[in-house]
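To start, the structure itself, in structure tokens.
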Amino acid sequence: MPIVINSPRDGDTLACGHVLVTPEATKRLGFGGTGYAILPDESCICYDCAHARDVEALRTAEHWVAYLSADGKQIHDWPGYALMTVTRSWETESRVFGRLSHTTWIRAVDTHGAEWHGRGPGRGMYVRLTRKGLKRGGR
Ligand SMILES: [Zn+2]
């Protein structure tokens, strides 16, 4: 009998069919929460399945939002799995209305071998990425 889980706990069966086990990723990263991801339809799936979906979606995606690892070497998804390896990064700073603003620029290669470029506020923060070769303003 299917059960609607509002707040899954360790040992609960998730929508993907796996049993929730709080992953190491939470401790390792210091964020990411409780070991499950919530889909747009509000069902909960485990981090492994969330990552598998990410990897599959990444194959055809043109834009992607993920996280720059604390060491700045990888781009990972919310569950904390690496999706891309950073090949080059550099920082710039500029004044925006008198306030110093830092931007980290990223070049990365994803698990499928495709190249991406993007930027974000820094390590441990989000990065907005665009597939290389995509035309500006294009689809
Ligand atoms: Zn699962």
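With Cα atoms as the point set, region 62-131 shows a radius of gyration and Dmax of 12.0, 41 Å. Taking other C-beta atoms within 10 angstrom as a stand-in for reagent exposure, TRP105, TRP64 fall in the order TRP105, TRP64, fewest first.
Cβ-to-Cβ counts within 10 Å put ILE38, ILE106, ILE75 in ascending order as ILE38, ILE106, ILE75, the fewest first.
Remark: region 110-121, residue by residue, has Karplus-estimated 3J(HN,Hα) of 7, 5, 9, x, 7, 9, 9, 9, x, 7, x, x Hz, where x stands for each Gly or Pro and the curve is 6.51 cos²θ - 1.76 cosθ + 1.60 at θ = phi - 60°. Annotation: amide H-H contacts under 5 Å for ALA70 (H modelled 1.01 Å from N, sequence separation of 5 or more, or interchain): GLY124. The peptide list 52-62, 90-100, put in order of mean Cβ contacts within 10 Å with the highest first, becomes 52-62, 90-100.
We did not get these values from a lab; they are worked out from the coordinates using the rules stated. All values derive from a computational prediction rather than experimental measurement. Using ideal geometry, Cβ is built from the backbone for each residue, glycine included, and neighbour counts are taken over all protein chains shown.
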